[in-house]
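Read through the structure below, which is laid out as structure tokens, and then see the notes.
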Amino acid sequence: MHKEKSADLAGWRDAQATRLEADFRAARAEHRQHHAEAFETWRRRNLNLPSGKENDMTVNTLNDLFIETLKDLYYVEKKLVKTLPKMAQKASSDELKEAIESHLGETETHVRRLEQVFELLDQKASGKTCEAIEGLIREAEEVMGEIADEQTLDAAIISSAQTVEHYEIARYGTLACWAAEIGNSEVAELLEQTLEEEKAADEKLSEIAEDAVSQRAAA
Ligand SMILES: [Fe+2]
């Protein structure tokens, strides 16, 4: 009888210890969670950061995709501000040189317009490496490096510049369309302005190319 009683007591003590241990763990987990939330609130307020992982942003919504594409284009335009002067320098015909230089001026405006778009969307203007433009420019440089004949080099420059223009036209067309879908007409308008200038630059390059073709045919 006495033995049974002490066994009961030991069992009761064990059960109590297990329960206390479980309670303690739960309280500790809750405490940690509370601290994590408090820290996150502080971090957002004081460091002015939108969410946890800024660098590996997950794209879930059309809005996310819009921002990602905007960063891609920002990278492209800034890259072109550096690349276009080199292309103009290599061009032989004055008409081509002038067309590229005038598009350089427009490209600087395109960078500023994208900055305005970022601002309208309360986003920090930042670029994200665009592998497509890197590839197009690398290819253009390779081709240009192999050509000695001036007229052929001009034809290669026009071809490369138009490939880049078409990439930009596709991107701006898509972004302008999404901006309208998201309901931001101010952003859509800015993107459409640039889109029109890209199209005009492309048409100008086509004209120069056609003139060169007729000149070669006449020669
Ligand atoms: Fe542009």
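Over the chain, dividing the summed -39,500 (n - 2.57) contributions of all DSSP H runs of at least 4 residues by the number of residues returns a 222 nm mean residue ellipticity of -30500 deg cm²/dmol. Neighbour counts of other Cβ atoms within 10 Å put Cys177, Cys130 in the fewest-to-most order Cys177, Cys130. If R0 is taken as 35 Å, the Cβ-Cβ distance between Ser159 and Leu62 corresponds to a FRET efficiency of 0.55. Protection proxy ranking for 168-175, 83-90, using the average of other Cβ atoms within 10 Å per residue and placing the highest first: 168-175, 83-90. When you restrict to C-alpha pairs under 8 Å that are six or more residues apart and normalise by the size of segment 64-136, the relative contact order lands at 47 percent. Ranked by how many other Cβ atoms sit within 10 Å of their own Cβ, fewest first, the residues His31, His110 fall in the order His31, His110. By the gyration tensor of its Cα atoms, with a ≥ b ≥ c the square roots of the eigenvalues, what is the shape of the chain: rounded for a/c under 1.5, prolate for a/b over b/c, or oblate? Because a/c hits 1.5 or more and a/b exceeds b/c, the chain counts as prolate. Gain on full extension, evaluated as 0.36 nm per residue between Gln33 and Glu210 minus their Cα-Cα distance, stands at 56.9 nm. Taking a span of 15 Å or more along the helix axis (Cα atoms) and a mean Kyte-Doolittle hydropathy of at least 0.0 as the rule, the DSSP H helices of the chain that qualify are 150-182. Using R0 = 30 Å, the C-beta based FRET efficiency linking Ala219 and Glu142 works out to 0.60.
For Lys124, Lys79, the sequence from fewest to most other C-beta atoms within 10 Å is Lys124, Lys79.
Pairs from the table (Lys90/Lys128; Lys71/Lys204; Lys78/Lys124; Lys124/Lys199; Lys128/Lys204; Lys128/Lys199) lying more than 21 angstrom apart at Cα are Lys90/Lys128; Lys71/Lys204; Lys124/Lys199; Lys128/Lys204; Lys128/Lys199.
Mean-square fluctuations from a GNM of the chain, with a 10 angstrom spring cutoff on Cα atoms, peak among Leu20, Leu190, Leu73 at Leu20. Relative contact order (percent) for the chain, with alpha-carbon contacts under 8 angstrom and 6 or more residues of separation? In percent, rounded to a whole number, it is 19.
Quick note: the coordinates plus some simple rules give every number you see, no bench work behind them. Owing to the predicted nature of the structure, the values given are computational and were not obtained by experimental measurement. Note: ideal-geometry Cβ built from the backbone for every residue, glycine included; neighbour counts use all protein chains shown.
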